[in-house]
Amino acid sequence: MIMTTTLRIILSVGIVLYFVFVIVMIRKKTLSLKYSLLWLLMGVVLLCLIIWPELLGLLCKCLGIVDTMNCLFTIALVFALIIIMSLTSIVSKQDEKLKVLVQQLGILEKEAKETNCQVEFIKKDL
Amino acid sequence: METKKQEKKKGLIIIPAYNEAESIKDTVENIIKNAPSFDYIVINDCSKDATLQILKENKLNYINLPVNLGIGGAVQTGYRYALQNAYECAVQVDGDGQHDPVFLEKMFEHMKETKADMVIGSRFLEKKGFQSTGTRRLGIKYFTGLIKMITRKKVTDPTSGLRMVGANIIKLFATDYPKDYPEPESTTYVLRLGMKVEEIPVIMKERQGGVSSINFKKSIYYMIKVTLAIFIAGLARPKKV
């Protein structure tokens, strides 16, 4: 099934709004640019496939998919999986970093007590 | 351990160091010799080599990070430290000996004269000294053009790590500083906020020891990420006072 023009327009506008949303979130520091790159790439690839249906058709042929909508779903799904996997990796690394911090703090507290040193963590803002 | 100095120092030299065991001792001694009116602090970014040992052995002034944060995080640690110790001026100097501390006084004078918020030591204003490799120069020219397009200001060496800032940028960077490849992005941000950025010509040396942390694959990621980051930083507007 070929995508109707209506659908292509709706999806294109949707993706552009999605870009604006992601960029505003990055400006506000809610999302960090480093981890948002994959999300932006996904938007770019999907937008290209929607704007140039010949590209989408070519991709369908290469993958052996008959229905173009199915192809679009597949690409989106693959991206989503890649992003989720990368998030798992990021979380794992953060877990490790947190563990090291906790351990260091524990040791620091002990050493501070032993040297009768008052440690004050200045909390400006985090 | 750090007590308030009797005479007020001009500023704080922030020396980020990751695996710089070969050059850190010489670099710091050179800095102490050539810029005695500044305090310094080495930020050991969880180095895997003997950097920490060398810092301890030579009783150098340092902060040891328990987890590796990268250049952005390490330098930002220095800015936090500067803010908490009420320094009016802070300057980044690389731990690998590429930056020559004789220029620090010049940068300080220039900052006072022009009332600039930031002074960058540029390799390319007079094109003297180590000019980096051809491909890197091309990349730097690209960023110069990009930053000019977004901020209308021509910064000839936007990736230079030799940068001096005043009190208001110390306050800004202490809480808001990019994590990786921070120089072009933060320069754009500061310019968009309406702050004054000046450049003076400096001479940099070739890396004395150790290995640079950027390779080809990383370079592509670097170009894309920093380009995007500059555009997004370009969305900043001066805060209404």
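Worth a mention:
- Tail beyond 16 Å, pair distance distribution of region B:103-142 (Cα, percent): 48 percent
- Set A:LYS93/B:LYS225; B:LYS153/B:LYS217; B:LYS127/B:LYS225; B:LYS106/B:LYS148; B:LYS33/B:LYS128; B:LYS9/B:LYS33 screened for pairs whose C-alpha atoms are more than 18 Å apart: A:LYS93/B:LYS225; B:LYS153/B:LYS217; B:LYS127/B:LYS225; B:LYS106/B:LYS148; B:LYS33/B:LYS128
- Amide H contacts of B:SER122 (H built 1.01 Å from N, in plane; Pro and chain starts excluded): B:ILE200, B:VAL202 sit under 5 Å, all sequence-distant by 5 or more or on other chains.
- The protein assembly as shown - convex hull of alpha carbons, volume per residue in Å³: 172 Å³
- Overall dimensions of region B:1-77, expressed as equivalent-ellipsoid semi-axes from the Cα gyration tensor (√(5λ), whole Å, largest first), are 21, 14, 11.
- Solvent-free Debye calculation, one equal scatterer per alpha-carbon of region B:97-241: log10 I(q)/I(0) at 0.15 Å⁻¹ equals -0.78.
- When the convex hull of its Cα atoms is projected in every direction, mean area for region A:59-102 (nm²): 3.3 nm²
- Stokes-Einstein D for region B:47-110, Kirkwood Rh over Cα pairs, 20 °C, 1.002 mPa s (µm²/s): 156 µm²/s
- For chain A: span of alpha carbons on each principal axis (Å, largest first): 75, 29, 14
- Antiparallel bridge percentage (DSSP; both residues within the protein assembly as shown; nearest 5): 30 percent
Read-outs throughout are calculated quantities, based only on the coordinates presented, and are distinct from any laboratory measurement. Note that the coordinates shown come from a computational prediction; the quantities given were computed from them, not determined experimentally.
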